[in-house]
Amino acid sequence: QVQLVESGGGLVQAGGSLRLSCLASGRTFSRYGWFRQTPGKEREFVAAISRNGGNTYADSVQGRFTISRDNAKNTLYLQMNSLKPEDTAVYYCAATTRVLGTVTVMGTYEYWGQGTQVTVSS
């Protein structure tokens, strides 16, 4: 059974930092991604990482967020620095066993976590 379990969300002041984690089980994944969603809006791409560590970021988080993975622990991370109120969202971990597909597109990923809330106060 495949499971993706996020943790690390919470409330932080603007300018602060949080680190999200996503523990994966049940499969060996080629690529992971982080997406986020606010009420009334579509889920949007945040960052992605391949098995060899190649990263992709949304322009809105480039230079502030860092995605990483520990293959031995089957864990994905998202280090978020210099947080802004507009980063407030539910953050979702996603994973795929496929090697094809654009990492910024939701349909590339077969598996999703339940989401963790990140709230940045001004």
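Points worth noting:
- Within region 76-101, considering residues that are open to solvent by 50 Å² or more (accessible area, probe 1.4 Å) and among the hydroxyl-bearing types (Ser, Thr, Tyr), the one farthest from Arg19 (Cα to Cα): Thr97
- Index of the failed condition, Tyr32 passing every other in (1) aromatic (Phe, Trp, Tyr); (2) part of a strand (DSSP E or B); (3) at pLDDT below 95: (3)
- Yes/no for Thr28 being touching a residue at least 12 places away in the same chain (Cβ under 8 Å) and of a type outside the set (A, V, I, L, M, F, W, C): yes
- Looking only at residues of region 22-65 that are touching a helix residue (DSSP H, G or I) at 6+ places or on another chain (Cβ under 8 Å) and closer than 11 Å to Leu76 by Cα, we find that the one that is most open to solvent (accessible area, probe 1.4 Å) is Arg31.
The values are calculated or read from the model by the stated rules, or taken from the named source; none is laboratory data. Bear in mind the structure is a predicted one, so any value in this text is a computation, not a measurement. FYI the Cβ positions are ideal-geometry reconstructions off the backbone, even for glycines, and counts take in every protein chain you see. Surface areas here come from the heavy atoms of the whole protein model, side chains and all, with no ligands, DNA or RNA. Shrake-Rupley method; radii C 1.70, N 1.55, O 1.52, S 1.80 Å.
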